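Please read the structure below before turning to the comments.
Each reported figure results from applying straightforward, stated rules to the coordinates on display, with no laboratory input. It should be emphasised that the depicted structure is a prediction, and the values quoted were computed from it without experimental measurement. Here the Cβ positions follow ideal geometry from the backbone for every residue, glycine too, while neighbour counts run over all protein chains shown.
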Amino acid sequence: MTSDLTKRGVLLVNLGSPDSTSVRDVRRYLHQFLMDERVIDSPYLIRKFVVCCFILPRRPRESAEAYKTIWTDEGSPLVVISQEVKEAVAKQVEGPVGLGMRYGNPSTAAGIRELMTQVMDLEEIFLIPLYPHYAGSSYETAVVEVERELKRIAPQIKLKVQPPFYDDPDYIEAMVENSRDYLAKDYDHILFSYHGLPERHMKTADPTQSHCMIVEDCCNVPSEAHKTCYRHQVFRTTELFVEKAGIPKDKYSVSFQSRLGSEPWLKPYTDLELARLPGEGIKKLLVLCPAFVSDCLETLEEIGIRGRATFLEAGGEEYEMIPCMNTHPRWIETLVKWCQPQGS
């Protein structure tokens, strides 16, 4: 007889990756990613024109070269790590655990079918989007895509969703534990580099339409808008981390990476900060990327390789990127805790 717990599956969803480093596969992946209306939130025809005429003619070849610098024998680091996380969680929970990627493979539909294959009478899926902070172009699009695929494949199955966990004590503790050996070293400064977003996305996500990027010091003024404000949430994650780790206020700062296009994105920009900090006397730098729970192109290549080169060329002497939590036991323990019915 199937128990109630085994009728409930867990679906982990991460961003995704190209199937290979070939230009064709990277182009296919970028097309799917950039044509998402929550990533580039312009009307369809404008979005298609921008993507197909300005981005895809050149970007896939550049991105393919970047992926080649981090690709492993097993494949994409993000996908490989995500699979390892899934397997580690599956060993500690009673019900089935599946994995899907918002873009690329395995798809979210494949993740849903993976659960249904393991349990024929599946009644509920608990979705954990592997994004700590709310953003329409990450957390929201993952949830919407799973809802859409579930409605198409198995509308009878209920869906519950883990909310953004940017201030969850277990997430913060897992990050601190993962960083502890690096924080014990002699360093001048720690830079918290978060994935960037266009500034207008803060206003679009603001349900009050009168707070984000409008009220002075908006991220520190209490508001209903904070539930969907990426900028507020990353600042809150940083505050909780440094408090838990005992990092002095004068020894850390926040920046934003991975901007695309010419419109204003959240500032300061990570690449410019890495070039500036050595001139401020910061020679030994740690960089942490709390917006990612698994290492990927944005951490391994953008921060680990290009970021290092920028800092050292500007006069820096020591540079270390703290790895994402990946399969750290404390992070797996946290995911397992959330997978329990009372945690949903």
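Observations, loosely collected:
- Whichever lysines have a C-alpha closer than 17 Å to that of residue 227, once near sequence neighbours (fewer than 8 apart) are set aside: 203
- Positive contributions from Lys and Arg (+1) and negative ones from Asp and Glu (-1), summed over other residues with Cβ under 14 Å from the Cβ of residue 201, come out at -1.
- Applying 1/(1 + (r/R0)^6) with r as the Cβ-Cβ distance of residue 153 and residue 84 and R0 = 35 angstrom yields a FRET efficiency of 0.85.
- When 223, 210 are arranged by Cβ crowding within 10 Å, least crowded first, meaning fewest neighbours, the order is 210, 223.
- Cβ-derived FRET efficiency at R0 51 Å, residue 183 paired with residue 24, nearest 0.05: 0.75
- Among residues other than residue 33 with Cβ under 14 Å from its Cβ, the summed charge is 0 (Lys and Arg +1, Asp and Glu -1).
- Whole-Hz Karplus values for region 11-26 come out as 10, 8, 10, 10, 5, x, 7, x, 6, 7, 8, 5, 4, 4, 5, 5 Hz, taken residue by residue from phi with 6.51 cos²θ - 1.76 cosθ + 1.60 and θ = phi - 60°; glycine and proline positions read x.
- Ordering 286, 175, 99 by the projection of their Cα atoms onto the charge dipole of the chain, which places +1 on the Cβ of Lys and Arg and -1 on the Cβ of Asp and Glu, puts 99 at the extreme positive end.
- Between residue 170 and residue 221, the distance separating the two model label sites (each 7 Å from Cα on the Cα→Cβ line) works out to 3.6 nm.
- For region 1-112, a simple Cβ point-charge model (Lys and Arg +1, Asp and Glu -1, everything else neutral) yields a dipole of about 440 debye relative to the Cα centre.
- Look at the alpha carbon pairs under 8 Å that are at least 6 residues apart: their mean separation over the length of region 250-344 gives a relative contact order of 28 percent.
- Average projected area [Cα convex hull, region 169-321], square nanometres: 9.4 nm²
- About the Cα centre, charge dipole magnitude for the chain (Lys/Arg +1, Asp/Glu -1 at Cβ), debye: 920 debye
- Helical runs assigned H by DSSP (4 residues or longer) give the chain a calculated mean residue ellipticity at 222 nm of -11500 deg cm²/dmol, each run adding -39500 (n - 2.57) before division by the residue total.
- Using only Cα coordinates, the Kirkwood hydrodynamic radius of the chain works out to 21.0 Å.
- Bridge type composition, the chain - antiparallel percent by DSSP, nearest 5: 5 percent
- Estimated translational D of region 146-247 in µm²/s (Stokes, Kirkwood radius over Cα pairs; 4 °C; 1.567 mPa s): 79 µm²/s
- Over region 302-344, the ratio between the Cα radius of gyration and 2.2 N^0.38 Å evaluates to 1.89.
- Potential extension, residue 74-residue 337 segment - 0.36 nm per residue separation minus Cα distance: 91.8 nm
- The length gained by stretching the chain between residue 119 and residue 49 to full extension, at 0.36 nm per residue less their Cα-Cα distance, is 20.9 nm.
- Value in Å of the Kirkwood radius, where region 1-137 supplies the Cα pairs that are averaged: 16.5 Å
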